[in-house]
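The values are calculated or read from the model by the stated rules, or taken from the named source; none is laboratory data. Predicted, not measured: the structure shown is a model, and the values here were computed from it. With ideal geometry, Cβ positions are generated from the backbone for all residues, glycine too; neighbour counts draw on all protein chains shown. Each accessible area value is taken on the protein alone, full model and side chains, heavy atoms only, with ligands, DNA and RNA left out. Shrake-Rupley method; radii C 1.70, N 1.55, O 1.52, S 1.80 Å.
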Amino acid sequence: MLRRPGLVRAPLRAALTDGYDGWLARRLPADAGPVALAAVGSLGRREPAPRSDLDLVLLHDRKGGVAEVADAIWYPIWDSGVGLDHSVRTPDEAVRVAREDVKALLGLLDLRHLAGDETLTARVRSEVLALWRATSTSRLDELREQARQRWQLAGEGAYLLEPNLKDSRGGLRDVRLLHALALAQLVDLPAHTRERAAELLDVRGELHRLTGRADDVLRLQEHDALALALDLHDPAGGPGRDEVLRQVNQSARTIAHDLDTAFRRLRPAPRASLRQRLFGASGPVREGLARDVVAQDGEVMLARDAAPAADPGLVLRVARAAAESGLPIAAHTLERLAAADAAVPEPWTAELREDLVALLGTGEAAVPVLESLDLAGLLGPLLPEWDAVRSRAQHNPVHRFTVDRHLLETAAQAAEHTREVDRPDLLLLGALLHDIGKGYRGDHSVVGAGHARKIAERMGFPDHDADVIAALTRHHLLLPDTATRRDLTDPVTLTIVTDAVAGSAEVLGLLHALSIADAAATGPAAWSDWKAGLIAELTERARAVLRGAEPAPSEPLDAERRALAEAGSLAVVVRGREIVVAAPDGVGVLYRTAGVLALHLLDIRQASIRTHRRMAVNSFVVEPRFGRLPDAALLRAELARALAGELPLADRLREKEHAYAQRRPTRPPTVSWFDDEATDATVLEIRTEDTIGLLTRITAALERSGTDVRSARIATLGKSVVGAFYLTDRTGRLITDPQLRADIEIELRRI
């Protein structure tokens, strides 16, 4: 069956169901007596995947001999190699188990007759369903807690790069929970939940077929083959694997939202208000929130006289009121607004702009509101470009969210910084749009700037404001990239920044706030005190230049460093997160020092190399992977051995890599050259995977190539590293010779 071409999706599930049903029915002996074979789980629901286990129940109403009947069924299944989960029960036993265990109860709701005495199956199903309807409301807290624990382990399916199709939040188990609530007649099962569940089942079926095992985790290495099997193509022209993940993320997002809505509706009714208790007022109490917008029963709704078809500003008024009051928008209100399909004027009115800015300004409260608008199809008409980023995965593990959710989170974080900038409205819009280009081909910053400008113009912002919003999108990576990869004391670095902002202190300040918000929304790995300090320093230096100050010259060696150099002997000083090393200058000092630091699991974020009186005075800004910085005396002793050739650095580093289960990069590093981004050096930028001792191997390769490293900046993002090295040849000249560059690149690709 699995070798039939084109047998995928629902037809595959139907064929598997029919095949199993017929095969299993033949396993039940004809003279078995009052017994019934029934299926639960995926087969009971008629949605098996190729490697799903069979979940079977043998029901009986006989006093003896049932073991022989069971063996006649179970042993052929075991012999076939198909996974089996089985039980043998009387109807009374099955109902008693359901009464005692809510998981067993939910499983028996899927009970489906296969063979034998159908009255036994019908009796159990009827009694279990009656039990569930009688006790479901009292078990809601237990179900919520079980779901919460599962989500903690399996994560948020809407945003994971490798979601679990069953157990992640928004996965197939949540569909079963919604289905159970619908069977209890507590909620209706939305049609789009059924559609999204079918999409997850489609992917799960092909995942089982491709891997040959019952693995429900959608791993990255399977995405390409799944896209081919399901004939999925990225509308934006990207690889099909992006469409597989986008579909799964979007399905999980929709299912999770529907489950949240269901649980919210099933909360106990709010206690009567004081006015109702004192004066006996009957009926729902409505509180006005905005024009034609009210709050009732803990939800935001439309007023009785609202006319959504004639009021294009009503969607944003409802959203703003919901975020400001901290209440969700009622589902039927979202449906009414979507059905009205009021045309948004172009350009927007001032009221529309003000409501959007106010909505974004509520910060975290705006995120679930905008999510609900998007799921109801109401965000697309306001921002047509949103369709391109909806549920689009970001293949960098540093990112916690899909592109669309990241934009919402960045705007929420930006709301925390609105008091620090002159134009908080432009900061909020820039945050919402800064990655909008990721839905299109090309450099997302460049492409996104064009889209951001069009959006701003469509919203009715004047030309200057549209220029600023476009600039924020175009240069949202300027400060973090420059601060972590370039020498902040180099005048050329400051020129790069001031030219990019076209001499505007306003844009510079907005970019600083946006950089902080963007990093906070990305995830913990994207931000640190070290990075924050560098960006703040770069911003202040650039701001001073914009005020007319001359770029501050490179700081000379301070008195302590000069004293270390003039002492003429090896010395190590630890000052906070900075380690200063003075050693006789010569080839190998830098990479051996980096190697000793790597042995102590210190990640080097910044390295500055100076010489004075034939002594190298090198300083390193480090972050320990574990614990605290080592003692200076210990570092000096080990460095002395390394410089004398008595410490086998390469062997020790390999042992560290093995101890921490780290592999060398599987792909060669990417090397780029920049000729105009330093005053008296050539900048070499290398991108590769992070490993213990990486800087040691890079600097050793550079020294073997006959270069001097003046300074270095190392930026780590998850498992990736970007290192910028300021290089000259041994005579102090720039690295311009093409052959020398080619030789250096060959050495670096061997690391």
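Structural remarks
- Residue match in the range 52-62 (condition: under 30 Å from residue 140 (Cβ atoms), assigned to a loop (DSSP other than H, G, I, E, B) and in contact (Cβ under 8 Å) with a residue 40 or more places away in the chain): yes
- Flag if residue 161 is in a loop (DSSP other than H, G, I, E, B) and free of Cβ contacts under 8 Å to residues at least 12 places away in the same chain: no
- Residue 742 vs. criteria in contact (Cβ under 8 Å) with a residue 12 or more places away in the chain and either more than 27 Å from the chain's Cα centre (by Cα) or on the phi < 0 side of the Ramachandran plot (or both): no
- Selection count, the range 365-406, where residues are free of Cβ contacts under 8 Å to residues at least 12 places away in the same chain and surrounded by fewer than 20 Cβ atoms within 10 Å (Cβ to Cβ): 2
- Looking across the range 347-364, the residues that are open to solvent by 30 Å² or more (accessible area, probe 1.4 Å), touching a residue at least 60 places away in the same chain (Cβ under 8 Å) and either among the small types (Gly, Ala, Ser) or in a helix (DSSP H, G or I) (or both) come down to 350, 353, 357, 361.
- From the list 583, 637, 642, 659, the one residue that fits, being at pLDDT 90 or above, surrounded by fewer than 16 Cβ atoms within 10 Å (Cβ to Cβ) and of a type in the set (Gly, Ala, Ser), is 637.
- Number of the exception - residue 618 against (1) open to solvent by less than 20 Å² (accessible area, probe 1.4 Å); (2) in contact (Cβ under 8 Å) with a residue 40 or more places away in the chain: (2)
- Matching residues, the range 423-465, being open to solvent by 30 Å² or more (accessible area, probe 1.4 Å) and in a loop (DSSP other than H, G, I, E, B): 423, 440, 441, 442, 443, 462
- Subset of the range 542-567 (residues that are within 40 Å of the chain's Cα centre (by Cα) and more than 22 Å from residue 610 (Cα to Cα)): 542, 543, 544, 545, 546, 547
- Residue in the range 33-50 that is open to solvent by less than 40 Å² (accessible area, probe 1.4 Å) and modelled with pLDDT under 95 present: no
- Count of residues meeting criterion [in a helix (DSSP H, G or I) and either under 8 Å from the mean Cα position of the chain (by Cα) or at pLDDT below 95 (or both)] in the range 389-405: 0
- Tally of residues being open to solvent by less than 10 Å² (accessible area, probe 1.4 Å) and assigned to a helix (DSSP H, G or I) across the range 469-478: 4
- Among the residues making up the range 595-619, those that are within 22 Å of residue 732 (Cα to Cα) and not in a strand (DSSP E or B) are 613, 614.
- Test: residue 210 is more than 24 Å from residue 401 (Cβ to Cβ), in contact with a helix residue (DSSP H, G or I) (Cβ under 7 Å, 6 or more places away or on another chain), of a type outside the set (Lys, Arg) and open to solvent by 30 Å² or more (accessible area, probe 1.4 Å): yes
- Test: residue in the range 90-104 that is crowded, with 16+ Cβ neighbours inside 10 Å, of a type in the set (Lys, Arg) and modelled with pLDDT of 95 or more: no
- Residue check, residue 114 in contact with a strand residue (DSSP E or B) (Cβ under 8 Å, 6 or more places away or on another chain) and open to solvent by 10 Å² or more (accessible area, probe 1.4 Å): yes
- Subset of the range 202-261 (residues that are more than 19 Å from the chain's Cα centre (by Cα), within 24 Å of residue 48 (Cβ to Cβ) and of a type in the set (A, V, I, L, M)): 203, 207, 210, 214, 225, 226, 227, 228, 229, 230, 232, 259
- Matching option when the condition is outside any strand (DSSP E or B), over 11 Å from residue 618 (Cα atoms) and in contact with a Leu (Cβ under 9 Å, 6 or more places away or on another chain), among 592, 562: 592
- Residue 126 being open to solvent by 30 Å² or more (accessible area, probe 1.4 Å) and not basic (Lys, Arg): yes
- Every residue from the range 151-183 that is in contact with a Phe, Trp or Tyr (Cβ under 9 Å, 6 or more places away or on another chain), farther than 21 Å from residue 241 by Cβ and open to solvent by 10 Å² or more (accessible area, probe 1.4 Å): 167, 169, 183
- Considering residues of the range 414-445 that are among the charged types (D, E, K, R) and either under 21 Å from the mean Cα position of the chain (by Cα) or closer than 22 Å to residue 380 by Cβ (or both) only, the residue modelled with the lowest pLDDT: 441
- Residue 420 meets the stated requirement of being open to solvent by 10 Å² or more (accessible area, probe 1.4 Å) and under 24 Å from residue 364 (Cα atoms).
- Of all the residues in the range 1-32, those that are touching a helix residue (DSSP H, G or I) at 6+ places or on another chain (Cβ under 9 Å) and open to solvent by less than 50 Å² (accessible area, probe 1.4 Å) number 12.
- Residues satisfying the stated conditions in the range 378-407, i.e. over 15 Å from residue 160 (Cα atoms) and small (Gly, Ala, Ser): 380, 388
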